[in-house]
Amino acid sequence: MKSVNELLTDWMRESFRNAFPDFIHSFPDIIVTQSKLPGHGDYQCSAAMALAKKLNKSPRVIAQTVVDSSSLIECIDRIEIAGPGFINLFLKTDW
């Protein structure tokens, strides 16, 4: 059975691949980590900032494109973009 981190990381990698199919090989280092700041979600992904030069887009535009093209998985309540392009993930309370 996968951990929450593994589940969310797999889902986030797939979300990046779906949003930017021409760059499918650019996403192996995408990871999701637990958020360290209250109010900024339960987990977060900062990959949009790391990929900005490679994709030639601002990190916030990358993050928004990923969020807009993602289908929420069963454990996620909502997604927010913060700061320069952090993708914050909020888990469902009952999950």
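A few notes on this one:
- Using the Cβ-Cβ distance between SER69 and LYS2 with R0 set to 22 Å, the FRET efficiency works out to roughly 0.45.
- Lysines with Cα under 27 Å of LYS53, excluding same-chain neighbours fewer than 8 positions away: LYS36
- Taken about its Cα centre, the chain carries a charge dipole of roughly 380 debye when the Cβ of each Lys and Arg holds +1 and the Cβ of each Asp and Glu holds -1.
- Accessible-area composition of the chain, carbon plus sulfur, in percent [1.4 Å probe]: 51 percent
- Extents of the chain, taken as max minus min of Cα coordinates on every principal axis and listed largest first, are 38, 29, 20 Å.
- Full-stretch length increase - LYS53, THR33 - with 0.36 nm per residue and alpha-carbon distance subtracted: 5.0 nm
- Cross-link reach is defined here as a Cα-Cα straight distance under 17 Å, omitting same-chain residues fewer than 8 places apart; for LYS54 the aspartates and glutamates meeting it are ASP22, ASP29.
- Positive end of the dipole of the chain (Cβ unit charges, origin at the Cα centre): among THR9, VAL67, LEU55, the Cα lying farthest that way belongs to LEU55.
- ASP42 accessible area, assembled protein chains, probe 1.4 Å, Å²: 70 Å²
- Whole-angstrom Cα spans of the stretch 1-40 along principal axes, big to small: 35, 26, 14
The values are calculated or read from the model by the stated rules, or taken from the named source; none is laboratory data. The structure displayed is predicted, hence computed values, not measured ones. Here Cβ is always computed from backbone atoms with ideal geometry, including for glycine, and neighbour counts include all displayed protein chains. Each accessible area value is taken on the protein alone, full model and side chains, heavy atoms only, with ligands, DNA and RNA left out. Shrake-Rupley method; radii C 1.70, N 1.55, O 1.52, S 1.80 Å.
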